[in-house]
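Participant: Mind having a look at this structure? Questions to follow.
Nothing in this text is a laboratory measurement; each read-out follows from the coordinates by a stated rule. All figures in this text were calculated on a predicted structure; none of them were measured in a lab. Note: ideal-geometry Cβ built from the backbone for every residue, glycine included; neighbour counts use all protein chains shown.
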Amino acid sequence: MDLKLRGWLSLVVILLWSRSTLAVERTWEAQESLYEIGLAGASFFLYDYPAAEQGRLRALIVPYAYYRGKVLRADDEGGIRGRLLERERIEFDFSAAAAFPADSRDNHARRGMPDLDWIGEVGPRMRVHIIEEENLRFEFNLPVRYVFSTDLTRVDDRGYLFQPELSLKIDNVWGEGWDFSLSTSAQFASDQLMDYFYEVSNQYATIDRPAFQSRGGLLGNNLVLGVSREVRPRMRAFCGAKFDYYGLSVNRRSPLFKDPWNAGFAFGFSYQLYESGARAGTHF
């Protein structure tokens, strides 16, 4: 499961598009609080980059804020995003996300090469709500995101990522309080992003790491499973796993391509410190 830090860049586009937004009231959304504030902590294992053979165990505790307004949304459905247009079954929104950096000194395959910086993604997404029931949601997501990297002193263009996805969410699946999620997707990346992960220029070529010219196309496929449960009032525990297969990647012959299978996991908690009395449905 990719655990992503949410970005603020989408706010600009959200404000520009706010006058054209049409919203549809959904029962489960209308009953949720308009906004809430809390604390979340997680421990998780992630690989350094797609098809790497090494990864890192990380831990993180951060405050969080949810807002479920008519235009601006910040929640567990996709981070900070703006609803650009919404009909009965089809929704267009805008979201942003980011992934952790990797130090090349700690990765055998990349040793001597530049580090991988923070990676950010931002762009529009189409969501097709195939099944919409109070405890069951099945949808098709079609995001297209611009990708950039940054070391917090500069920003570099990394092209685009296209990731069609099928997503299933079931509430109270094993009894009251148990929520289950399942998603599967394919990732297609442009030349620039593939270069960032897999290209080896002559400058960094060695006997064990020959020069390689990458190209855009299929990056990989993944399956994500997640379970969460309310363990006490205002506190929820969660765990999840992500399985990636890169064996069909167009750059599988790169010397930086080390393992066609990657698997990650995460577990943690969230604790709600405050929620508004107003419900989201009053603002649709």
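Participant: Computed FRET efficiency, Cβ-Cβ of S33 and T150, R0 25 Å: what is it to the nearest 0.05?
Facilitator: Once the sixth-power term is evaluated, E becomes 0.15.
Participant: Next question. Convert each backbone phi in the range 116-124 into a coupling constant with the Karplus relation 6.51 cos²θ - 1.76 cosθ + 1.60 (shift: θ = phi - 60°), then list the ³J(HN,Hα) values in order as whole Hz, x for Gly and Pro.
Facilitator: 8, 7, 4, 10, x, 10, 8, x, x
Participant: Further question: Along the range 135-143, what does the Karplus equation 6.51 cos²θ - 1.76 cosθ + 1.60 (θ = phi - 60°) give for ³J(HN,Hα), rounded to whole Hz, x for Gly and Pro?
Facilitator: Calculated HN-Hα couplings, in order: 10, 9, 10, 10, 9, 10, 10, 9, x Hz.
Participant: Something else about it: Report the local net charge at A51: Lys and Arg +1, Asp and Glu -1, summed over other residues whose C-beta lies under 13 Å from its C-beta.
Facilitator: 0
Participant: Using a 10 Å cut-off on Cβ atoms, rank the peptides 92-104, 119-131, 147-159 from the highest mean neighbour count down.
Facilitator: The densest-packed peptide leads the list: 92-104, 119-131, 147-159.
Participant: Moving to a separate point now. With θ set to phi - 60°, apply the Karplus curve 6.51 cos²θ - 1.76 cosθ + 1.60 along the range 158-167 and write out the HN-Hα couplings as whole Hz, x wherever there is a Gly or Pro.
Facilitator: Whole-Hz 3J(HN,Hα) from phi for the range 158-167: 10, x, 9, 10, 10, 9, x, 9, 10, 10.
Participant: When Lys and Arg each count +1 and Asp and Glu each count -1, what net charge do the other residues less than 11 Å away from S190, Cβ to Cβ, add up to?
Facilitator: Its environment carries a net charge of 0.
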